[in-house]
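Chemist: Take this structure, written in structure tokens, and hold onto it; I'll ask about it next.
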2 protein chains.
Amino acid sequence: MTRTRFQLGMDELKQKLLVMGGLAEQAVDRAVEGYRRRDVKLCNAVFETESAINRAEREIDELALDLLAMQQPMAVDLRFITACMKINADLERVGDQAVNIAERAIELIGLPQAELPIDIPRMAATVAGMVRRALEAFIAGNPDLAEAVLKMDDIVDRMDDEVYIALVERMHESPEITRQALDVLLISRNLERVADHATNIAEDVIFWVRGADVRHGGDHFKSFSAD
Amino acid sequence: MTRTRFQLGMDELKQKLLVMGGLAEQAVDRAVEGYRRRDVKLCNAVFETESAINRAEREIDELALDLLAMQQPMAVDLRFITACMKINADLERVGDQAVNIAERAIELIGLPQAELPIDIPRMAATVAGMVRRALEAFIAGNPDLAEAVLKMDDIVDRMDDEVYIALVERMHESPEITRQALDVLLISRNLERVADHATNIAEDVIFWVRGADVRHGGDHFKSFSAD
């Protein structure tokens with residue numbers, strides 16, 4: 001059976017979105033590595049990745065619109081194409097967060113180094129894992145994997161809260177490192193936002209596959225509160 | 001000429017999205033008023049508004065998918081329907097930000113009152129103006145109005161930067177009000193995110209009306225840098 005033009009377009013859309021996901025992961029990875037190694041060059045490389053992300057976003061949106069216009073898609077295809085457009089927007093905003101982290105890291109590199117009891121790379125690893133799993137769930141059309149991402153979001157929120165409490169304490173003790181502590185706080189907040197985007201992607205996958213909207217008050221939220 | 005079922009559905013979609021926009025504005029307004037008046041009851045009312053927003057989001061998405069499935073829409077209608085889905089997602093996240101602000105405000109109300117040189121209500125008024133104008137641009141299909149929103153985003157970013165600088169200074173002087181200062185910083189950051197969502201909506205309006213993607217590196221960005 002030969003594949004129709006529509007089916008080929010759907011495959012291309014999926015492929016392009018995966019490349020986009022790879023770029024978004026790269027952007028966050030570069031920003032966090034730039035922070036960890038205090039490497040301005042690596043931080044600057046994030047801005048290049050972001051340009052590539054912005055170009056990819058436009059191409060994906062145009063392709064999705066072309067596919068919607070090409071024929072009257074079936075319900076499941078409709079859900080898939082519109083999910084792609086939403087995931088696309090989320091990945092672009094992951095890129096924006098990476099830029100914010102890189103900007104904060106560059107500022108930090110220009111300040112005296114301060115010992116802070118915060119493990120940003122560990123938090124970043126958890127967040128990157130969420131993005132990767134959300135994309136895997138999308139490729140595999142696997143809602144169970146997507147639900148695992150939703151659970152990880154709670155862990156990241158807790159990490160972000162811990163960062164906040166630890167930094168308030170440090171600023172109390174040592175007001176002279178307030179700026180450094182605030183920069184780290186905002187990096188933590190940016191990572192938390194990346195986790196939110198991963199959560200959005202996971203929800204879009206579940207919506208696409210199950211055809212039921214689980215975003216607010218769905219059954220899995222009930223099972224969460226029973227944990 | 002009688003309107004077709006498709007056209008009636010399109011009208012309904014627009015109406016529902018406007019109601020959604022009103023709810024999102026209400027949520028932010030209640031959160032900021034709750035902060036200003038130190039009124040926990042008003043802060044709690046934000047959570048109710050958010051529930052209404054979440055219900056509205058689901059209905060709008062389902063209606064948009066129904067319309068996409070109903071017939072083979074023309075390119076301009078496709079762009080309109082997919083723009084509605086994106087605007088819908090942004091408005092829902094405005095509601096999330098309002099919840100964050102309300103949570104911070106409730107925390108602040110539980111702490112000793114601190115004099116801080118920050119005018120959150122003024123910033124909130126600018127941000128609310130952006131959301132309102134972005135929705136007006138959408139109703140009117142007016143890309144010029146949408147471009148005005150993009151310019152306002154720079155103003156809000158500048159306000160957020162000023163808040164940051166002013167609070168770092170205050171925390172330096174008076175470490176005992178660090179927690180209050182941080183809460184206000186995060187409220188400012190939440191408002192800045194609401195402004196980002198208004199910007200996203202404005203960009204979607206421009207994309208829908210002009211059919212050209214101006215999101216990254218479009219002509220109006222060039223005219224910005226000449227300002």
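Chemist: Fewest first, what order do B:174, B:188 take by the number of other Cβ atoms within 10 Å?
Modeler: Ranking B:174, B:188 by Cβ neighbours within 10 Å, fewest first, gives B:174, B:188.
Chemist: Averaged over B:189-200, how many beta carbons belonging to a partner chain fall within 10 Å of each residue's beta carbon?
Modeler: 1
Chemist: Hey, if you drop one equal point scatterer on each alpha-carbon of segment A:83-200 and run the Debye formula without solvent, what base-10 log of I(q)/I(0) do you get at q = 0.09 Å⁻¹?
Modeler: Treating every Cα as an identical point scatterer, log10 I(q)/I(0) equals -0.28.
Chemist: Also, I was wondering about something else. To the nearest µm²/s, what D does Stokes-Einstein give for chain B at 10 °C and 1.306 mPa s, using the Kirkwood radius over alpha carbon pairs as Rh?
Modeler: 85 µm²/s
Chemist: Amide H of residue B:141 versus every other amide H placed in the peptide plane: which residues, excluding those fewer than 5 positions away on the same chain, fall under 5 Å?
Modeler: none
Chemist: What is the log10 of I(q)/I(0) for the protein assembly as shown, computed with the Debye formula using one identical point scatterer on each Cα and no solvent, at q = 0.07 Å⁻¹?
Modeler: -0.35
Chemist: What's the exposure ranking of B:30, B:38, A:170, going from fewest to most Cβ atoms within 10 Å?
Modeler: Fewest to most other Cβ atoms nearby, the residues stand as B:38, A:170, B:30.
Chemist: Spin-label point model (7 Å from Cα, Cβ direction): what's the residue B:40 to residue B:165 distance in nm?
Modeler: Those two pseudo-labels are separated by 3.8 nm.
Chemist: Check cross-link reach from residue A:151 to the lysines: straight Cα distance under 30 Å, and skip same-chain residues fewer than eight apart.
Modeler: Partners found: A:14, A:16, A:86, A:222, B:86.
Chemist: Distance between the C-alpha centers of segment B:87-161 and segment A:1-56? Whole Å please.
Modeler: A separation of 29 Å, based on Cα centres.
Chemist: Please give the charge dipole size of the protein assembly as shown, origin at the Cα centre, charges +1 on K and R Cβ atoms and -1 on D and E Cβ atoms. Round to the nearest 20 debye.
Modeler: Roughly 760 debye, rounded to the nearest 20.
Chemist: Can you tell me the 0 to 90 degree angle between the C-alpha axis of helix A:120-140 and the longest principal axis of chain A, rounded to 10?
Modeler: Helix A:120-140 and the main axis of chain A meet at about 0 degrees.
Chemist: Let me ask something else about it. Relative to the compact-globule scaling 2.2 N^0.38 Å, provide the ratio for the alpha-carbon radius of gyration of segment B:31-116.
Modeler: Computed over Cα atoms of segment B:31-116, the ratio equals 1.53.
Chemist: In addition: Add +1 for every Lys or Arg and -1 for every Asp or Glu among the other residues with Cβ under 10 Å from the Cβ of residue A:39, and state the total.
Modeler: Around residue A:39, the charge tally is +4.
Chemist: What's the magnitude of the charge dipole for segment A:5-225 around its Cα centre, counting Lys and Arg as +1 and Asp and Glu as -1 at the beta-carbon? Answer in Debye, nearest 20.
Modeler: Once rounded to the nearest 20, the dipole reads 280 debye.
Chemist: If one takes the longest principal axis of the Cα atoms in chain A, at what angle in degrees, from 0 to 90 and to the nearest 10, does the Cα axis of helix A:178-210 lie?
Modeler: 20 degrees
Chemist: While we're here: Per residue and in cubic angstrom, what volume does the convex hull of the Cα atoms of segment B:34-76 have?
Modeler: Expressed per residue, the convex hull around the Cα atoms of segment B:34-76 is 66 Å³.
Every read-out reported here was derived from the displayed coordinates using simple, explicitly stated rules and does not represent laboratory data. Computed from a prediction, not measured in an experiment: that's the story for all the values here. Neighbour counts run over all protein chains shown; Cβ positions are idealised from the backbone, glycine included.
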